[in-house]
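Read through the structure below, which is laid out as structure tokens, and then see the notes.
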Amino acid sequence: MIELSNDLIIIGTAVLVAANCASIGTFLVLRQMAMMSDAISHAVLLGIVIAVFMVGGRETIPVIIGGVLSGILTVSIVEMLYRTGKLKQDSSIGIVFPFLFAIGVILVTQAGNVHIDAQHVLYGSIEFVPFDTLYLDEINIGSKSLWVLGILAIANISFIAILYKELKISTFDASVAVSVGLMPMLVHYLLMIMVATTAVIAFESVGAILVIAFFIVPASGAYLLTDRLSHMMALSVTLGIASAVAGYLFAVLFDVSIAGSMATIAGVIFGLIWVFAPNRGLISRWRRISKQRFEIDLGIVLTFIQDEVNANRQVTPSILSNALGWTIDYSKKLSEFIQEKKFVEKDEHGNLTLTILGQRKAENYSTT
């Protein structure tokens, strides 16, 4: 058995959590169900605590089953409230998950000698995963978290690969999915089961806060970078892994919370994408809006010059500024631009007149 350092075990655990959550989170973001991951990640506490009480300890299989059942209960109640038509989905989620989570927190205080507490649930204990080892016939086969999360990764990959077509069609157009007999509600509940399973397995190591961050933040960043589902999934996993590794290095460097650092780095990466994304970023949107505004102003100024010249009135940049309510600098900038493009000519007195090309351009704007 190859011995791994504690640092590698912690990073490996975080990477597997990020990859598992980010891949499933892609569909949550596309389905506009980001809050559902928050609800499930908190509400599974109730099922976990009940499972702990029933078996008298934190056995892996009962805990997973209890958490998944609690997640399914959460989704079912949310759907029931939403389908009454009296509440929106976000309101339904806001009612259900605090209620179930609060019951779980109350039960945690009655856990007795079983080691489970609210701080562990929220922040996790990824620092201690190297010491939680798995034994096979009394032989230490390594970190339990790496094994369990590795099996989860295989399950998630298999789930997505087998139901990729169904997930894709039902995500983008549920009515089409119904028309071709794909049963989108069944696909929906299977997806929620995988979300619950991923949340239960992941948050024991990293806590609910980081699970929610990895479910939503990388997928949201990937959404701003591509329009293709396959590319979005790959980017989402990549961003999640990058956040996990960079977050751990940041935590070690500044001696701060590992889970908190990873969630923070994920948010920083998303912020950079939100600002600098090529097509959907803040800067590209600002440039696109500025270009559209400039095109509109160009049509306005050419049409104005044409009308003024036809009325035998003089047109100068200062007249443009006064008549159209623009600043002198902006009027001069626009005047220089239309001269460079050969739309207008300036006589010895500084008056602007349209060229033949400019007249055609103005006529195009007038007819559109």
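The values are calculated or read from the model by the stated rules, or taken from the named source; none is laboratory data. These figures come from a predicted structure and were not determined experimentally. Don't worry about glycine lacking a Cβ; one is built from the backbone with ideal geometry, like all the others, and counts go over all protein chains shown. Side chains included, ligands, DNA and RNA excluded: accessible areas come from the protein's heavy atoms. Shrake-Rupley method; radii C 1.70, N 1.55, O 1.52, S 1.80 Å.
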Between F203, F214, F343, which gets the highest mean-square fluctuation from a Gaussian network model of the chain, Cα cutoff 10 Å?
F343
C-alpha long axis of helix 229-254 to longest principal axis of the chain, angle in °
70 degrees
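Could you give the length gained by full extension between I139 and D90, i.e. 0.36 nm per residue of separation minus their alpha carbon distance, to one decimal place?
Fully extending the segment from I139 to D90 adds 12.8 nm.
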Using only Cα atoms, tell me the angle between helix 282-310 and the longest principal axis of the chain; keep it within 0 to 90° and round to the nearest 10.
20 degrees
Once both axes come from the Cα atoms, what is the angle between helix 60-83 and the longest principal axis of the chain, in degrees from 0 to 90, rounded to 10?
50 degrees
What does the charge dipole of segment 1-83 about its Cα centre add up to, to the nearest 20 debye, if the Cβ of each Lys and Arg holds +1 and the Cβ of each Asp and Glu holds -1?
300 debye
Residues whose modelled amide H sits under 5 Å from the amide H of S125, counting only those 5 or more places away in sequence or on another chain, are V206, G207
Rounded to whole Å, sorted largest first: equivalent-ellipsoid semi-axes of the chain, Cα gyration tensor
58, 24, 18
GNM flexibility winner over the chain from W147, W286, W326 (Cα, springs under 10 Å)
W326
Which Cα, out of I151, M54, M185, lies furthest along the positive dipole direction of the chain (beta carbon charges, K/R +1, D/E -1)?
M185
For Y330, tell me the accessible area in Å² from a 1.4 Å probe, rounded to the nearest 10.
40 Å²
Here FRET efficiency (C-beta to C-beta, T355 to F294, R₀ 22 Å, nearest 0.05) is 0.65
Whole-Å distance linking the alpha carbon centroid of segment 151-199 with that of segment 244-306 is 31 Å
K346 to R285: FRET efficiency via 1/(1 + (r/R0)^6), r the Cβ-Cβ distance, R0 30 Å, to the nearest 0.05?
0.30
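About the Cα centre, and with charges only on the beta carbon of Lys, Arg (+1) and Asp, Glu (-1), how big is the dipole of the chain? Nearest 20 debye, please. List each step's numbers first, then the result.
Numbers: 23 positive and 27 negative charges, 245 e Å.
Magnitude of the dipole: close to 1180 debye.
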Largest fluctuation, L28, L167, L298 only, Gaussian network model of the chain with Cα springs under 10 angstrom, belongs to L298
Give K88/K168; K333/K361; K88/K165; K291/K361 a once-over and call out the pairs whose C-alpha atoms are over 20 Å from each other.
K88/K168; K88/K165
Between segment 72-96 and segment 218-232, the alpha-carbon center distance in angstrom:
27 Å
With charges only on Cβ, +1 for K and R and -1 for D and E, what is the dipole size of segment 240-368 about its Cα centre, in debye, rounded to 20?
340 debye
Taking a probe of 1.4 angstrom, what is the accessible area of S175 in Å², to the nearest 10?
80 Å²
Report the normalised scattering of segment 128-179 as log10 I(q)/I(0) at q = 0.28 Å⁻¹, calculated by the Debye formula with identical scatterers on the alpha carbons.
-0.97
Out of S92, G66, A43 - ranked by how far each Cα lies towards the positive end of the dipole of segment 38-101, with unit charges on the beta-carbon of charged residues - the top one is S92
